């Protein structure tokens with residue numbers, strides 16, 4: 001046995017000493033600073049230096065000891081027993097990726113703990129706000145996770161086993177492919193808003209895209225789903241009033257008008273507020289939010305709510321492009337934002353519904369994908385594109401067009417719009433409670 005008790009660091013080095021072919025995997029996955037033991041770190045540094053000087057240099061007890069004996073500031077005598085135990089250790093070279101993964105996981109935990117301690121210190125002396133510290137920690141955790149996942153191939157057997165279980169659930173009707181929205185076109189043609197996908201909902205200015213997105217968000221929440229609604233354009237108060245109008249059937253303007261409410265309407269208002277209070281809904285109206293910050297906010301919301309089923313971005317063109325590679329070119333900045341939202345959907349494994357405006361060339365005719373601002377980037381990166389058409393001469397009757405569907409057929413559906421509550425309905429009316 002290795003003394004002190006063997007760790008993944010010992011196992012990794014044992015594999016390399018017993019089978020030099022493991023070095024290629026280890027050197028690609030690990031860095032010396034990820035090792036906590038001073039001796040294991042020194043041995044790994046020696047192996048890296050030896051292979052840097054001579055790529056085909058054998059790595060065994062004799063060659064590594066010889067290197068250490070000639071290394072400055074190293075007491076080689078203290079390493080001989082450890083190296084001898086490593087050469088004899090009962091390890092399996094086929095497990096080398098698992099050993100590397102353990103080292104990276106442990107390093108990630110230490111890094112996260114250190115960051116938490118650092119943020120706690122800043123909070124205690126008032127250097128940062130709770131929100132700022134939480135965002136810093138979330139960003140740090142995401143970076144650790146991304147770096148860890150990037151080094152290792154997924155376990156295909158485990159992944160396919162999970163997929164088979166999902167297929168069984170889909171076939172049995174016990175699991176849905178995507179999040180059900182109550183909109184027949186989305187739920188039938190797209191099988192719901194699919195996880196790990198970006199769906200664009202486009203319409204002209206004041207065309208009802210926000211109302212439709214809020215309708216979908218309310219439906220998902222009323223069915224027990226967890227929703228993050230990011231609205232750089234509309235305030236939290238306005239959003240709450242919209243949702244309350246959907247539940248009560250009372251025009252949002254009546255809530256804010258003197259004498260606009262009747263006495264008999266108050267019970268439904270109280271009941272509506274109580275219902276919204278039970279929703280798993282996170283509203284954010286930060287006008288300067290970026291795609292990266294949206295990911296952090298969604299991650300924090302998922303932890304606080306205990307789940308996440310849908311992220312809504314209202315809307316794409318008003319999101320901040322600060323810190324992106326192409327902030328001066330609006331079209332390229334929007335593409336960067338789109339890529340950020342795609343990354344959000346993949347990292348958190350949730351559907352993202354992002355709203356987009358039509359360009360100025362769009363008229364009152366039935367819209368096409370090319371009517372979307374930055375349409376080339378949207379058409380390239382979006383998994384699905386929905387276009388909402390409300391003719392100016394008949395605004396109560398709308399048409400929702402599924403213009404792109406990467407996973408299935410396209411189509412369209414007639415919707416009814418209630419201007420009193422800004423609520424959309426399919427022919428199969430939704431019940432929002």
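The values are calculated or read from the model by the stated rules, or taken from the named source; none is laboratory data. In this text the structure is predicted, and so the values were computed from the model without any measurement. All Cβ positions, glycine included, derive from the backbone under ideal geometry; neighbour counts span all protein chains shown.
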Name the residue, out of 265, 293, 233, that is modelled with pLDDT under 85 and either more than 26 Å from residue 356 (Cβ to Cβ) or surrounded by 20 or more Cβ atoms within 10 Å (Cβ to Cβ) (or both).
293
For residues that are outside any helix (DSSP H, G or I), out of contact with any helix residue (DSSP H, G or I) (no Cβ under 7 Å at 6 or more places or on another chain) and buried (at least 20 other Cβ atoms within 10 Å of the Cβ), tally how many sit in region 203-224.
3
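Of all the residues that make up region 85-109, how many are in a helix (DSSP H, G or I) and surrounded by fewer than 12 Cβ atoms within 10 Å (Cβ to Cβ)? Explain how you work it out, then say what you get.
Step one: of region 85-109, the residues in a helix (DSSP H, G or I) are 85-88, 93-109.
In the following step, the residues that additionally are surrounded by fewer than 12 Cβ atoms within 10 Å (Cβ to Cβ) were identified as 94, 109.
Residues meeting the conditions: 2.
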In region 1-50, how many residues are at pLDDT 90 or above and more than 37 Å from the chain's Cα centre (by Cα)?
12
Does region 370-382 contain any residue that is modelled with pLDDT of 90 or more, in contact with a strand residue (DSSP E or B) (Cβ under 9 Å, 6 or more places away or on another chain), outside any loop (DSSP other than H, G, I, E, B) and buried (at least 17 other Cβ atoms within 10 Å of the Cβ)?
no
Got at least one residue in region 93-104 being over 20 Å from residue 19 (Cα atoms) and within 30 Å of the chain's Cα centre (by Cα)?
yes
Kindly provide the set of residues from region 120-130 that are over 23 Å from the mean Cα position of the chain (by Cα) and in a helix (DSSP H, G or I), ordered by number.
120, 121, 122, 123, 124
